[in-house]
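Heads up: the structure comes next, in structure tokens.
The values are calculated or read from the model by the stated rules, or taken from the named source; none is laboratory data. Please read all numbers here as calculations on a predicted model, not as lab measurements. Every residue, glycine as well, gets a Cβ built from its backbone with ideal geometry; the counts of neighbours run over all protein chains shown.
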Amino acid sequence: MKKGLLIAAFLISAATAATAQIGIRAGIGSSNFSNGDVQRAFTSLIRPHLGVYYGMEATEKLTVEPGLFFSGKGISTLSSFTNNEFEEVLSYLDIPVMARYAVNKDFNVFAGPQVGFLLARTYTEGSIKITDTAPVGGYEIGGVVGVGYQLTDELHLQASYDFGVKSFKYFQADVNNTVVKLSVGYTLPSKAAKEKTE
């Protein structure tokens, strides 16, 4: 959580900079677990994500983009004990750091590492509801890859794939979260951009 607070402080302070490119992004994702060599091994859950990002221009085409996001994850499958369907709903604080490359003025590609901290868990099976986070690993280390399309200078769409690179314990199993995401983002005009239009 300390890393998350440091990133949050950085994003807030960056918003006051003359060249700040801070924005908001939200969307939905198809979440699942991978288990060993099996990718997306269970029934997927559709979960939301929402957060802020800050783009730092490294070159004319390359932008470094840290962010801070609430990310919904989880699975739906049959219990091996009761043979009843259950949902495992997980909520994370995700901190990605993306390198975004502009292929042209409209299209870009991006990739980078991500660390996630488990905020909450809700296990539901019929009338049973459990919120104890102990059976689930408290954090995960992963990565993100994706493509983006710039609709306007401020508004963009993107599709991405989040994946774990270091397994965490889900009860006795080693698993990773995987999420296919569709998002829309809005970048607030920087002070420098506003001055150019005045």
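Do any strands (runs of 3 or more DSSP E) lying entirely in the stretch 82-164 carry at least 3 residues that are loosely packed, with under 15 Cβ neighbours inside 10 Å and more than 20 Å from the chain's Cα centre (by Cα), and which ones are they?
Values: elements: 85-102, 107-125, 128-130, 139-150.
Filter on the stretch 82-164 gives 128-130.
Spot the failing condition for Gly74; the list is (1) in a strand (DSSP E or B); (2) free of Cβ contacts under 8 Å to residues at least 40 places away in the same chain; (3) under 21 Å from Val175 (Cα atoms), and only one is missed.
Among (1) in a strand (DSSP E or B); (2) free of Cβ contacts under 8 Å to residues at least 40 places away in the same chain; (3) under 21 Å from Val175 (Cα atoms), Gly74 violates only (2).
Please go through the stretch 48-102 and give me each residue that is of a type in the set (Lys, Arg) and at pLDDT 95 or above, ordered by number.
Filtering the stretch 48-102 for residues of a type in the set (Lys, Arg) gives 61, 73, 100.
Result: Lys73, Arg100.
Just give me the residues in the stretch 169-187 being surrounded by 20 or more Cβ atoms within 10 Å (Cβ to Cβ) and either out of contact with any His (no Cβ under 9 Å at 6 or more places or on another chain) or not in a strand (DSSP E or B) (or both), in sequence order. Steps first, answer last, please.
Residues of the stretch 169-187 surrounded by 20 or more Cβ atoms within 10 Å (Cβ to Cβ): 175-179, 181, 183, 185, 187.
Answer for the stretch 169-187, where residues must be surrounded by 20 or more Cβ atoms within 10 Å (Cβ to Cβ) and either out of contact with any His (no Cβ under 9 Å at 6 or more places or on another chain) or not in a strand (DSSP E or B) (or both): Val175, Asn176, Asn177, Thr178.
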